[in-house]
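The values are calculated or read from the model by the stated rules, or taken from the named source; none is laboratory data. Keep in mind that what you see is a predicted model, and the values were worked out from it rather than measured. Note: ideal-geometry Cβ built from the backbone for every residue, glycine included; neighbour counts use all protein chains shown.
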Amino acid sequence: MIQKILNTQTKSVSLSTIILAAFYVASGLLGLLRDRLLFGKFGAGNELDVYYAAFTIPDLIALILVFGAISAAIIPIFSGYLVKSKDHAWEYTSALLNVFLTCLIIVCGVLIIFAPLFVKFTAPGFSQEKQETTVMLMRIMFLSPIILGLSNIVSGILQVFHRFLVTALAPLMYNLGIIIGIVFFVPLFGIKGLAFGVVLGGLLHLIIQIPAFLHSGFKYKRIFNFGHEGVLKTLKLMIPRSLGLGAGQINTIATTAIASTLLAGSVAVFNWTNNFSNMIISVIGVSLSTAMFPSLSLAYLKENKREFEKKFTSTFLQMLFFMVPVGMLLFILRAQLVRIILGTGRFNWTDTRLTAACLGIFAIGLCGQGLIFLLSKTFYAAHNTKIPAIISVLTVAFNILMSLFLVWLLSLHGLFFNIVQVLLRLEGIDNIGVIGLALAFSVTGITEALLLLILLYKKYRIFNIKYVGIVFGKIIIATIISGILAFAVRQYLVYFNIVQLQKTFGVFLQLVLTGIVGLCSYIIVLYFLKSEELKNIKQLFFRP
């Protein structure tokens with residue numbers, strides 16, 4: 001029964017999207033449990049600053065050497081081989097696995113040796129003791145890119161066979177491994193247990209997919225050929241994408257470096273709010289774009305321009321339909337979410353206020369960040385990895401400069417500082433530089449999405465501006481009205497003492513009631529506006 005479930009194929013795009021979204025939600029809930037355990041045990045302080053800083057370089061390696069290849073190259077190249085011959089497709093897979101595994105082991109081995117140099121660069125504001133602890137964790141975590149490298153190649157192949165169920169389970173297993181590390185390894189090994197949990201999560205991420213991978217027909221061959229046509233083509237397609245992703249991770253490293261010079265806990269606060277917004281983006285943006293990507297690639301290979309345009313427009317509007325109102329609700333309910341998820345143990349009221357403010361800033365750029373996935377993958381489906389890479393590099397440079405400027409501006413304690421304090425309710429907290437990092441990140445995300453959209457339209461003309469504009473206008477109107485109603489309900493519940501905010505249940509009740517009013521009013525307004533997208537979303541869920 002378990003084997004049958006893991007080998008389930010979902011050929012319907014709508015069903016694939018629902019499955020991916022459901023498991024991203026499950027993985028996200030595990031992630032929230034993981035974060036609650038982390039912040040409850042350590043608080044927003046030195047230990048979590050070290051933990052998140054140790055992730056930076058291993059994540060950079062994973063992005064450059066693996067994730068770029070999967071999203072930009074493996075799926076379309078493997079699909080091309082599969083159309084001609086299964087044997088050639090599996091031969092390509094073996095060659096790719098062998099070459100990439102060797103490269104990952106060599107690169108990670110070298111980086112383990114030079115970890116102290118990287119920590120001095122990524123966390124210059126840390127004390128000597130914090131830097132030494134970061135080096136220790138980073139060296140253990142360098143096992144993770146090797147394992148996740150193999151696992152994500154396997155995920156890419158399985159997606160070609162529409163086995164989205166098992167690939168959606170993998171992130172859930174990754175979070176489970178980290179939770180095991182927090183609960184069982186930390187009491188035994190101290191803070192090193194967190195790194196061991198990350199490695200265990202990577203192993204579980206890989207192991208859960210192996211049975212389905214073998215069932216798909218894979219048979220390992222000892223082919224170690226750097227000159228293999230498919231491997232070379234993969235490298236050619238992945239290099240621009242990897243540079244773009246690498247630039248994004250360098251952005252994270254630079255942000256971490258800046259945060260390390262701020263108030264203790266700033267690295268942890270920024271990373272948690274970024275991770276939380278990424279969880280929402282994964283549920284909506286990544287699930288929609290991932291489910292659509294194989295179909296987009298196939299439509300381009302068949303030179304079916306009409307089908308290519310139809311699938312992109314449909315997914316683009318679906319993403320707007322979900323991301324815009326969710327971003328609005330996230331901003332309104334930011335404090336309630338932070339209190340419920342992290343309000344335990346050593347996580348104090350100052351930590352709560354600062355984290356909620358950062359989360360609100362991330363909510364502003366949520367839609368832009370989500371659209372980047374779809375827009376980039378549309379370019380990849382058309383075998384164009386250069387444009388997203390160039391845009392990524394440019395926007396990273398823009399983000400770093402803006403981060404430095406906004407952090408400096410907030411340090412002056414002038415007019416801008418006072419405005420931010422009042423708007424985000426941060427009175428009494430003098431060091432709020434981390435807000436500048438979040439604001440720069442959100443503005444950059446919106447800018448990158450707009451640039452990608454403009455260039456995509458200019459190059460491929462794949463959507464009707466007037467039609468998309470009308471649909472988007474209705475979504476904005478519905479979001480504004482529902483936002484006003486949700487805010488009114490949130491304040492009403494407190495003003496008339498209907499909920500007791502001193503208790504967790506009261507905060508939870510305020511969150512749920514406000515959220516229900518916001519979402520229901522959004523749907524009702526769209527219904528009266530006769531939104532076509534509302535009908536399409538209904539078909540997505542009820543007619544897979």
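Would you mind finding the one in ILE462, ILE390 that is closer than 30 Å to TYR300 by Cβ and not in a helix (DSSP H, G or I)?
ILE462
Rundown of residues vs (1) part of a helix (DSSP H, G or I); (2) closer than 30 Å to LYS305 by Cβ; (3) out of contact with any helix residue (DSSP H, G or I) (no Cβ under 8 Å at 6 or more places or on another chain), yes/no style:
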| residue | (1), (2), (3) |
| --- | --- |
| LEU456 | yes, yes, no |
| THR479 | yes, no, no |
| SER482 | yes, no, no |
| ALA486 | yes, no, no |
| GLN491 | yes, no, yes |
| SER521 | yes, no, no |
| ASN536 | yes, yes, no |
Is it the case, given these coordinates, that ALA335 is among the aliphatic types (A, V, I, L, M) and surrounded by fewer than 24 Cβ atoms within 10 Å (Cβ to Cβ)? yes
Residue, nearest to the chain's Cα centre (by Cα), within the range 482-505, restricted to residues that are surrounded by fewer than 16 Cβ atoms within 10 Å (Cβ to Cβ) and aliphatic (A, V, I, L, M): ILE484
Are any residues in the range 190-216 farther than 25 Å from PHE23 by Cα and either crowded, with 16+ Cβ neighbours inside 10 Å or in contact (Cβ under 8 Å) with a residue 12 or more places away in the chain (or both), and if so, which ones? ILE191, LYS192, GLY193
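Please determine whether any residue of the range 43-65 is within 24 Å of ARG163 (Cα to Cα), assigned by TED's automatic domain parsing to the domain that holds LYS192, surrounded by fewer than 22 Cβ atoms within 10 Å (Cβ to Cβ) and within 15 Å of the chain's Cα centre (by Cα). Spell out how you get there, then give the answer.
Taking the range 43-65 first, the residues within 24 Å of ARG163 (Cα to Cα) are 62-63, 65.
Imposing the further condition that a residue be assigned by TED's automatic domain parsing to the domain that holds LYS192 reduces the set to 62-63, 65.
Adding the requirement that they be surrounded by fewer than 22 Cβ atoms within 10 Å (Cβ to Cβ) leaves 63, 65.
Now restrict to residues that are within 15 Å of the chain's Cα centre (by Cα): 63.
Among the residues of the range 43-65, at least one is within 24 Å of ARG163 (Cα to Cα), assigned by TED's automatic domain parsing to the domain that holds LYS192, surrounded by fewer than 22 Cβ atoms within 10 Å (Cβ to Cβ) and within 15 Å of the chain's Cα centre (by Cα), which makes the answer yes.
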Can you tell me which residue among PHE542, PHE528, PHE508 is at pLDDT below 95 and within 26 Å of the chain's Cα centre (by Cα)? PHE508
Looking only at helices (runs of 4 or more DSSP H) that lie completely in the range 235-341, which have at least 2 residues being within 25 Å of ILE435 (Cα to Cα) and not basic (Lys, Arg)? 266-281, 305-332
Kindly indicate whether LEU404 is part of a helix (DSSP H, G or I), over 27 Å from ILE64 (Cβ atoms) and either hydroxyl-bearing (Ser, Thr, Tyr) or touching a residue at least 40 places away in the same chain (Cβ under 8 Å) (or both). no
